[in-house]
C-alpha cells in the first residue's frame with residue numbers, strides 16, 4: 001500500500017491558512033496516518049480545522065489544533081533565572097576560557113534548562129558558548145543553535161592511494177578550486193539543482209520566500225571563516241564494524257561549512273522575535289527562547305531543519321562534483337552536523353538538545369572531529385555518554401581570537417608551519433593559522449570517555465577563504481587570494 005503524500009496546495013484548498021500550520025499538518029498526517037487514504041486524511045484535517053478546540057489535547061492532532069487556535073497574550077514581566085541552576089559536566093575544564101564557562105553557567109539557570117554539558121573545545125559565542133550543549137523542555141533557543149545553522153562535517157573516503165596527492169598535487173588542487181566557492185557573499189552564476197530548493201517552506205514563509213533566490217545561487221558554496229574543503233590521507237588502523245572499512249590508508253575528501261546566508265537570516269530573525277517575547281536579564285538576553293507551542297517557535301523549528309537540509313545539500317553537491325572528476329564512487333561517506341537542535345529522550349522525557357559547536361555522540365553514532373589545517377582530524381564513534389548529553393567536541397577549538405591571531409602570527413611562521421607538515425594551502429588567512437587553535441590531541445584526551453577513535457584524517461591540500469585582507473603573502477608580497485577574488 002502506498003504511503004500518504006499531501007501537498008500544501010491541497011490543504012489550502014480546504015481552507016487551511018497560509019503559514020507554518022500547513023507544513024505541520026502535512027508532517028503530522030504523513031507520519032501518523034501514512035497508511036490512510038488521502039480522502040480519509042483530508043476528512044480528518046477538515047474536522048480539526050472546523051473545531052480545533054476539540055482536538056487541542058489530542059496526542060497527535062493537538063499539534064495541528066494548537067496552530068489554529070488564537071494565541072494568548074505574552075506576559076511582559078522579566079523572567080527570573082534559577083539559582084544555582086542545573087548541574088552540568090565540563091570536559092577539559094583547564095583548557096576552557098572563563099568567558100565560555102560564565103556563558104554556560106548562565107544558560108544552566110534558564111527556567112527551561114533540563115541538562116547540559118561543556119565540551120573541551122569550548123570558547124565564547126553569542127548566547128550559548130561554542131562547545132555548549134543544553135537540553136531544554138519544549139523550547140528552542142535560536143542563539144543556542146547558532147548563526148550558521150546546520151554547519152557540518154562531511155568526509156568521503158576513496159579507495160585511492162593518498163600518495164597521489166603529492167604526485168598529482170596540481171590536479172587535486174584544481175579539482176577543489178573548481179568544485180566550490182569561498183567568501184562570505186560568494187554566489188554561483190549558474191546554480192546547481194537540488195530537491196531541497198523545492199521545499200514547501202520556501203513558498204510559505206515570507207522570510208524564506210525572500211531568501212530563496214540567494215540561497216539557490218549559494219547552493220554548493222562554502223563561505224568564509226573556518227570553513228574548508230581539503231584532501232588528505234585517511235588511516236584506518238583496524239576495521240570497525242560501524243564504519244565498515246578494512247584497515248588501510250585511503251584518500252579522503254573533507255569539507256566543513258554550513259547554511260550560508262539562509263541560516264544566518266533565520267537565526268537573526270527569530271532571535272529578535274525571541275528577545276521581544278522573553279524579557280531576560282541583560283547577560284542572558286541572547287538566550288531568549290521560543291516554545292514549540294507558539295507559531296514563531298514552530299516556524300523557527302521548521303526553518304532550522306530546512307537550513308540543516310540545505311547545508312547537507314551543499315556538501316553533497318561539492319562531493320559529487322569531485323567524485324565525478326575522480327571517476328570514483330566513495331567507499332563511505334561520514335557526516336555530522338553541529339549548530340543544531342534535536343528532539344531526543346532524556347530520562348524518558350522528550351527534550352530539545354542544542355549542540356552549538358558540538359558533535360552528536362550517541363551510542364555508535366559516527367562523526368568527524370577535525371584539528372586544524374596542519375593537525376590530524378579523527379573519525380569517531382560515539383559512546384552514548386549521558387554526562388555529555390551524548391555529545392563531543394566539534395573540533396580543536398580556538399585559543400586565539402581572530403584579531404589576536406592576526407597580530408601575533410607572522411607570515412614567515414605561518415609558511416614555515418605549512419612547510420613543516422607538507423600542507424599546500426590554496427587560500428586562508430593568519431586568523432585561521434594552526435597557532436590559533438588548541439592542540440587537538442589534548443582535546444581528544446579530554447573526551448576519551450565520550451568517543452572512540454576509529455580512523456584518522458591528515459590534511460594535505462587545504463582550501464579556505466582567501467580574502468586579501470586576511471591572507472598571508474607570497475614571496476612577491478601579493479595576497480594569496482582564492483581564484484576569482
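Each value in this text was obtained by applying a stated rule to the coordinates, not by laboratory testing. Computed from a predicted model, the values in this text were never measured in an experiment. No Cβ is skipped: glycine too gets one built from the backbone with ideal geometry, and neighbour counts run over all protein chains shown.
Structural remarks
- Relative contact order (%) - the range 8-68, alpha-carbon pairs under 8 angstrom, separation at least six: 34
- Annotation: for a label point projected 7 angstrom from Cα along Cα→Cβ of residue 347, residues of the range 84-122 with backbone N closer than 13 Å are 86-88, 113-116.
- Per-pair calculated FRET efficiency, R0 = 41 Å: residue 242 and residue 203 via Cβ, rounded to 0.05: 0.55
- Note on the range 243-345: Rg/Rh from C-alpha atoms, Kirkwood Rh, equals 1.13.
- Segment residue 9-residue 210, length gained on full extension (0.36 nm per residue, minus Cα span): 70.4 nm
- Descending by average beta-carbon neighbour count within 10 Å, the peptides 50-59, 124-133 line up as 124-133, 50-59, the highest first.
- The Cα center of the range 180-238 and the Cα center of the range 323-396 differ in position by 20 Å.
- Solvent-free Debye scattering, log10 I(q)/I(0), computed from the Cα coordinates of the range 8-68 at q = 0.20 Å⁻¹: -0.67
- Helix 20-32 and the longest principal axis of the Cα set of the chain meet at an angle near 90°.
- Listed peptides 29-41, 388-400, 176-188 appear in the order 388-400, 176-188, 29-41 once ranked by packing, highest mean of other Cβ atoms within 10 Å at the front.
- Computed over the range 196-236, the P(r) curve from all C-alpha pair distances, binned at 10 Å from the origin, holds 23, 34, 24, 14, 6 percent per bin.
- Stretch gain in nm, segment residue 449-residue 35, where the contour uses 0.36 nm per residue and the Cα spacing is subtracted: 144.7 nm
- For residue 309 and residue 331, the FRET efficiency from 1/(1 + (r/R0)^6), where r spans their Cβ atoms and R0 equals 22 Å, is about 0.35.
- Relative contact order (percent, whole number), the chain, Cα cutoff 8 Å, 6+ residue spacing: 18
- For the range 320-365, a/c is not less than 1.5, where a ≥ b ≥ c are the root eigenvalues of the C-alpha gyration tensor, and a/b tops b/c. That puts it in the prolate class.
- Taking label points 7 Å from Cα along the Cα-to-Cβ direction, residue 137 and residue 420 give a separation of 5.1 nm.
- In this simple spin-label model, placing a label point 7 Å from the Cα along the Cα-to-Cβ direction at both residue 293 and residue 412 gives a separation of 6.5 nm.
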